[in-house]
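Working notes, structure below.
The values are calculated or read from the model by the stated rules, or taken from the named source; none is laboratory data. Just so it is clear, the model here is predicted, and its values are computed rather than measured. In this analysis, Cβ positions are derived from the backbone assuming ideal geometry, glycine residues included, and neighbour counts consider all displayed protein chains. For accessibility, only protein heavy atoms count, side chains too; no ligands or nucleic acids. Shrake-Rupley method; radii C 1.70, N 1.55, O 1.52, S 1.80 Å.
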Amino acid sequence: MKSVIKRNGERAEFNVEKLRESLIRSGADEKEVDRVVDLVMIQMKDGISTHELYKMAYAQLRKKSSKVAGRYRLKKAILDLGPTGHPFEFLVGEILNNQGYDAQVGVLAKGMCVGHELDVVAEKDQTRVMVECKFHNDIRRKSDVKVSLYIHARFMDMKKAWERSDGEKTMNYEGWIVTNTRFTGDALQYGTCAGLKMISWDYPKNGSLRELIDTAGFHPITAMHSLSKAEKLSLLEQEVVLCRTLINSPVLLYKLGKSERQVERIMEEAKSIIDEG
């Protein structure tokens with residue numbers, strides 16, 4: 001059995017089922033999964049990095065479907081939203097809006113003790129949510145227990161201030177932590193015990209970040225291959241984060257100097273990724 005080199009430098013036995021599961025999650029059908037797995041198995045060399053393995057599988061998917069390929073590279077697309085965390089905060093805000101909340105990103109608020117810059121504040125019915133977004137551009141980085149402790153303390157300070165300002169108004173207050181990678185065991189244990197809602201790339205089983213993005217069709221522009229890295233960065237700086245935004249505002253592409261034919265091709269890929277075309 002061939003081995004692979006993980007991102008942390010460790011050598012591990014190649015697990016074909018993990019590759020198969022990731023392809024299935026992207027939306028590829030069974031026949032396509034079998035095709036890609038067979039080709040990867042033939043081409044891969046012993047000791048290949050997981051990064052190169054991923055690129056190989058993605059290249060095979062691209063030949064058949066932009067939609068499936070875009071979804072397969074979703075995790076990397078989220079990592080590519082950096083180097084700042086603001087596009088990730090915008091993405092989380094849009095996910096909350098899609099769930100019926102009224103979400104605001106980058107809110108300056110006065111707590112009971114000190115002022116805070118809150119990543120996202122969202123309200124629905126009689127519930128107000130304070131969301132802190134922990135973005136990492138390295139998949140190996142995890143949010144540890146210090147993050148849970150710190151955010152819980154901030155939430156409690158804001159909760160006290162909100163309770164005082166809301167007076168007799170009946171409100172429920174929730175603190176959330178959303179990260180694009182994972183939590184350490186201690187971070188998850190403390191956060192859950194303290195009553196925080198914890199959302200990571202693959203946690204919880206129902207309602208993980210990956211599932212929320214895919215269900216809403218809020219795939220970021222960084223999942224696209226028809227835009228260059230510089231073009232993606234330019235759009236992100238304009239707070240254009242979602243493929244959906246490009247579909248609704250093709251003028252943004254003309255401003256990048258794209259021809260009508262190029263715009264059509266980009267729009268087709270964007271639509272296929274979010275399954276609107």
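Odds and ends about this structure:
- Some residue of segment 237-244 being open to solvent by less than 80 Å² (accessible area, probe 1.4 Å) and of a type outside the set (A, V, I, L, M, F, W, C): yes
- Sole residue being surrounded by fewer than 16 Cβ atoms within 10 Å (Cβ to Cβ), more than 23 Å from Arg7 (Cβ to Cβ) and at pLDDT 95 or above, chosen from Leu108, Leu96, Leu196, Leu118: Leu108
- Subset of segment 125-142 [hydrophobic (A, V, I, L, M, F, W, C) and either over 25 Å from Met156 (Cα atoms) or assigned to a loop (DSSP other than H, G, I, E, B) (or both)]: Phe135, Ile139
- Qualifying positions in segment 1-34 - at pLDDT below 90, open to solvent by 50 Å² or more (accessible area, probe 1.4 Å) and assigned to a helix (DSSP H, G or I): Lys18, Arg20, Glu21, Ile24, Arg25, Glu30, Lys31
- Residue that is farthest from Glu117 (Cα to Cα), among those in segment 50-93 that are among the polar types (S, T, N, Q) and either part of a helix (DSSP H, G or I) or at pLDDT below 85 (or both): Gln60
- Positions within segment 230-245 being over 18 Å from the mean Cα position of the chain (by Cα), assigned to a helix (DSSP H, G or I) and not hydroxyl-bearing (Ser, Thr, Tyr), in sequence order: Ala230, Glu231
- Which numbered condition Asp214 misses (of (1) surrounded by 18 or more Cβ atoms within 10 Å (Cβ to Cβ); (2) free of Cβ contacts under 8 Å to residues at least 60 places away in the same chain): (2)
- Looking only at segment 35-49, and only at residues there that are among the charged types (D, E, K, R) and in a helix (DSSP H, G or I), the one that is least open to solvent (accessible area, probe 1.4 Å): Arg35
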